[in-house]
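Everything on this sheet refers to the single structure shown next.
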Amino acid sequence: MFLSYLLIMKQRKRFEWIIILIVISIITSWLCWRNHKNHADQPRINLYLHEQDRIIALELEEYIKGTVAAEMPASFEIEALKAQAVCARTYAMKKIINHTVYPQGADLSDDTSTCQAFISYKDFAPTNPDRADLIKRITEAVESTRGEVLIYNSQLIDALYCSTCGGRTESSEAVWGGEIEYLQSVTCNDCIESSHYREETEVKNEMITQLVGDKSSTLKIKIISKTPSGRAQIISINGKNIEATVMRQKLNLPSTWLNFLTSTRNTVIITRGYGHGVGLCQYGANGMAKRGKDYHQILKKYYQGISFYKLDY
């Protein structure tokens, strides 16, 4: 009976992999066909440049190079850059498979509010004396991971990432209310070198009280609830509640991992980390790479239970 069960589970797992491979093959074939390319060639995508309000067509891996250049310091360790390349590729393919809508019918966008950042090599640090070496590093990271993506339960993952987690990443459930098995909170001891690991911002009390429609300069502030990782959720300002995400946006704070030191006129807001804190911590990835960890080890830390698959193009 037990052997039969194992056989059934093995066949089911194999079937799931076949399904995801078929789906990915269809997407890559469509990208090639749509741009009048042979399937043996690299797929191409249409990218919407939101500031220029126009579309450019480019090969998928060239897009990944531009995304890595825009999203992670090129001076980072090569294994961290590889991890970023795999994240960027997975994120992009997930958007395409989900038929995410972008202006002018584009496949992807360089608007970070809806997709990933992008910069061409032409525009990348043109006055930097180390430009050639930095481009070489990015190119190596992308080409050495060519076609590699992250899979969980036979599906591409939502490969979210942030600059600095501040010591512990956040779960997707704590940020967006929906649990995703591979996006769980994990301890990170490798991002301490980031300038965003711990920051202080001094703000006038009136700016804080105005967030809840109070014009008083007297401030009584208290964190009402926190996420399991320690980030603020609900904050009381003079008896009125506000979401920490709203405060972060209105005051342009690095994160919602907050503490407050109040005085008569001003308040010092102490923050840890930069970004939503979910998924890959970029500075943490660099710290792990400095300790000798490869990009597979890095990605398995920040995305629980994932596996790797290499697209054939």
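The values are calculated or read from the model by the stated rules, or taken from the named source; none is laboratory data. Since the model is a prediction, treat every value here as computed from it, not as a measurement. Note that each Cβ is placed from the backbone with ideal geometry, even for glycine, and that neighbours are counted across all protein chains shown. The area values use the complete protein model at the heavy-atom level, side chains included, leaving out ligands, DNA and RNA. Shrake-Rupley method; radii C 1.70, N 1.55, O 1.52, S 1.80 Å.
Within the stretch 217-233, can one find any residue that is in contact with a Pro (Cβ under 9 Å, 6 or more places away or on another chain) and either among the small types (Gly, Ala, Ser) or surrounded by fewer than 16 Cβ atoms within 10 Å (Cβ to Cβ) (or both)? Walk me through how you get there before you give the answer.
First pass over the stretch 217-233, keeping only residues in contact with a Pro (Cβ under 9 Å, 6 or more places away or on another chain): none.
The answer is no, given that none of the residues of the stretch 217-233 is in contact with a Pro (Cβ under 9 Å, 6 or more places away or on another chain) and either among the small types (Gly, Ala, Ser) or surrounded by fewer than 16 Cβ atoms within 10 Å (Cβ to Cβ) (or both).
What are the residues in the stretch 261-273 that are open to solvent by less than 40 Å² (accessible area, probe 1.4 Å) and under 14 Å from residue 207 (Cα atoms), if any? Steps first, answer last, please.
Residues of the stretch 261-273 that are open to solvent by less than 40 Å² (accessible area, probe 1.4 Å), as a first pass: 267-271, 273.
267, 268, 269, listed by residue number.
Checking the stretch 65-88 against the condition returns a match, with at least one residue being surrounded by fewer than 17 Cβ atoms within 10 Å (Cβ to Cβ) and part of a helix (DSSP H, G or I).
Going by the conditions given, is residue 195 open to solvent by less than 60 Å² (accessible area, probe 1.4 Å), small (Gly, Ala, Ser) and at negative phi? So that I can check it myself, show each step before the final result.
Working: open to solvent by less than 60 Å² (accessible area, probe 1.4 Å): no; small (Gly, Ala, Ser): yes; at negative phi: yes.
In short, no.
Evaluate the stretch 141-155: report whether one residue or more is in contact with an Asp or Glu (Cβ under 8 Å, 6 or more places away or on another chain), among the basic types (Lys, Arg), closer than 24 Å to residue 279 by Cα and open to solvent by 60 Å² or more (accessible area, probe 1.4 Å). Yes, some residue in the stretch 141-155 is in contact with an Asp or Glu (Cβ under 8 Å, 6 or more places away or on another chain), among the basic types (Lys, Arg), closer than 24 Å to residue 279 by Cα and open to solvent by 60 Å² or more (accessible area, probe 1.4 Å). On inspection, residue 123 does not qualify as on the phi < 0 side of the Ramachandran plot, of a type outside the set (Val, Ile, Thr), assigned to a loop (DSSP other than H, G, I, E, B) and crowded, with 16+ Cβ neighbours inside 10 Å.
Among the candidates 313, 302, 295, the residue that is closer than 25 Å to residue 88 by Cα and at pLDDT below 95 is uniquely 313. Exactly one residue among 161, 152 is in contact with a helix residue (DSSP H, G or I) (Cβ under 7 Å, 6 or more places away or on another chain) and of a type in the set (Phe, Trp, Tyr), and that residue is 161. Does the stretch 234-260 hold any residues that are over 19 Å from the mean Cα position of the chain (by Cα), under 12 Å from residue 201 (Cα atoms) and open to solvent by less than 50 Å² (accessible area, probe 1.4 Å), and which are they? Result: 251, 258, 260. Would you check if there is a residue in the stretch 97-106 being in a helix (DSSP H, G or I), open to solvent by 60 Å² or more (accessible area, probe 1.4 Å), at pLDDT below 60 and polar (S, T, N, Q)? There is no residue in the stretch 97-106 that is in a helix (DSSP H, G or I), open to solvent by 60 Å² or more (accessible area, probe 1.4 Å), at pLDDT below 60 and polar (S, T, N, Q).
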